[in-house]
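Following: one structure in structure tokens, then a few remarks.
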Amino acid sequence: MLAVAEQYLEQNMHPLVIIQAYRQALDHALEALKDSLSIPVDINNDKQMIEVVKSCIGTKFLGQYGDLACHMALQAVRTVATQDEGGRREIDVKKWARIEKIPGGRIEDSVVLDGIMINKDVTHPKMKRRVEAPRIILLDCPLEYKKGESQTSVEMSADTDFTRLLQIEEEHIKDLCTDLLALRPDVVITEKGVSDLAQHYLVKAGVTCLRRVKKSDNNRLARATGATIANRTEELKESDVGTGAKLFEVKKIGDEYFTYITECQDPKACTVLLRGPSKDILNEVERNLHDALGVARNLALEPRLVPGGGAVDMAVSQVLQEKAKTMSGVKQWPYSALAQAWRCVGVRNVVRKVRKVIPRTLAQNCGANIIRVLTALRSQHAKGNTNWGVNGETGELCDMAELKIWEPLAVKAQVYKTAVEDVANDQALFPHRAAALLDPQLYCGHYIVA
């Protein structure tokens, strides 16, 4: 797009005029994408959603496990999706869907849990490792006597003072445990430490305890179980106890223990458990799954699709070319040139410099005759076949709907927005490129030197 704008700068056209034409073309392109070039998709229809997600991971390592990966991505996105009172959907996959990689087993053993899994074991060997329908308390405070942050001096004048110090510490820990046990919990999870004395009181009461849990894991546990994270034990109340989970279980996988809090009712947070023969394979699977999660998330937020294979780029170019015929004034020239740049076919040499456009790049990568392919593609779109694009494997023209190659509308719209805004910012932040070619009087009589 910058290359296209260069010829108009040489003709003394003001950069603001070019930017305004580009932004007007962007508005028309987004309008065409939403109204005529995209199709709606039912986010509750697994078959339609899987087709789109498969087109994302089809060429990756996880493509051979396409059905499994697609189902995992859809399940994770649907689990963490929320909707506020205004009807706005929020899907924060990075925050609420954690991916845990455990070497060993087969990739087919990977699963999306209806709850949370954390890499922790109980603090005392006599604590229960399986609890059904647990009452869970989440804490952000230590269950131990608070230590001095720096050097602490204590002056004792009697032989009973040291014994009294230990007694005060034990009384403090006992008060903490009394506050907890008053709510009859089955599981206590804290982000801080738990002293041996506190463990003794909890074991005696039949309560299981986990300590030093990550803050992010604690937030996911709160969302999944319905519990409220407390900073002080004396402030705990019945509504802070989480009862949303139906099963608490500690399992040993390999040499490590993992805590499962599953069978949650409407958890809104989950753990994606990945299994595989080695860490390298698991890392690759995780990267591929991130792509699938991103596609599923974009579809859930904006359930509309556009054809891939460069079809939508050529269709947008066709729409802008028709719009340009109805425009008047100097803006129509950069407007029309932008449409040509999108399809990457034009009579001007400067337009031919624009290489990174999808139809042309696909044809070039396949070793096809670029001019013939793009000319034939223009002909198909002129006939109204807006779904026709370039087959990325053979370089031939075909209907993208038949090949089931689709892209989320949100992604394509963001690509266009980013491209146009980058050009606008380049012109705005570095005006000396254009100023050197324009009349210096337009810039308040001052010469601007690059």
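The calculated 222 nm mean residue ellipticity attributable to helices in the chain amounts to -14000 deg cm²/dmol, summing -39500 (n - 2.57) over DSSP H runs of n ≥ 4 and dividing by all residues. Net charge of the neighbourhood of L403, taken over other residues with C-beta under 14 Å away and scored Lys/Arg +1, Asp/Glu -1, is -4. Across segment 236-323, Cα-Cα pairs more than 18 Å apart make up 71 percent of the total. Sorted ascending by nearby beta carbons within 10 Å, beginning with the fewest, D217, D175 become D175, D217. Please give every one of the lysines within straight-line cross-link reach of K252, meaning a C-alpha to C-alpha distance under 21 Å, and leave out same-chain neighbours fewer than 8 residues apart. K252 reaches K101, K120, K126, K128, K214, K279. Counted over the chain, the DSSP beta bridges are approximately 65% antiparallel. Each Lys or Arg adds one and each Asp or Glu subtracts one; over the other residues with Cβ under 10 Å from the Cβ of D114, this totals -1. Quick one: Kirkwood hydrodynamic radius for segment 105-189, alpha-carbon pairs, angstrom, one decimal? So the Kirkwood estimate lands at 17.2 Å.
The distance separating the Cα centre of segment 153-212 from that of segment 110-126 comes to 24 Å.
Can you find, among C141, V77, G63, the residue sitting farthest towards the positive end of the charge dipole of segment 44-157, where Lys and Arg contribute +1 and Asp and Glu -1 at Cβ? Positive-end residue among those listed: G63.
Summary value for segment 56-165: 14 percent relative contact order, contacts being C-alpha pairs under 8 angstrom separated by 6+ residues. For the chain, a Gaussian network of Cα nodes joined below 10 Å ranks G206, G244, G87 by mean-square fluctuation, and the top entry is G87. Sparsely packed loop sites in segment 1-106 (the trypsin sites (Lys or Arg not before Pro) outside DSSP H, G, I, E and B with at most 16 other Cβ atoms within 10 Å) comprise R88, R106.
With N the number of residues in segment 206-284, Rg(Cα) / (2.2 N^0.38 Å) evaluates to 1.30. Quotient of the Cα radius of gyration of segment 147-206 and 2.2 N^0.38 Å, N being its number of residues: 1.40. Result for the chain in a Gaussian network model with C-alpha springs under 10 Å: among D313, D114, D46, the largest mean-square fluctuation is at D46. Within segment 1-150, the ratio Rg/Rh, alpha carbon atoms throughout and Rh by Kirkwood, equals 1.18.
Of the two radii for the chain, the radius of gyration is 1.16 times the Kirkwood radius, both from the alpha carbons; that is the Rg over Rh value.
Pairs from the table (K95/K237; K323/K412; K323/K404) lying more than 22 angstrom apart at Cα are K95/K237; K323/K404. Judged by the mean number of other Cβ atoms found within 10 Å, the most tightly packed of the peptides 159-172, 279-292 leads the ranking 279-292, 159-172. Straight Cα distances below 18 angstrom link K146 to the lysines K174, K192, with same-chain residues fewer than 8 positions distant left out.
Comparing Cα centroids, segment 1-38 and segment 131-151 end up 59 angstrom apart. Given an 8 Å cut-off on Cα distances and at least 6 residues of separation, report the relative contact order of the chain as a percent. In percent, rounded to a whole number, it is 25.
Each Lys and Arg Cβ is given +1 and each Asp and Glu Cβ -1; about its Cα centre, the chain then shows a dipole of about 1460 debye. Of M49, M156, the sequence from fewest to most neighbouring Cβ atoms within 10 angstrom is M156, M49.
None of the figures in this text is laboratory data; all of them are computed from the coordinates on show. In this text, all values refer to a predicted model and were calculated from it rather than measured experimentally. Reconstructed Cβ throughout: ideal geometry from the backbone, glycine too, with neighbour counts over all protein chains shown.
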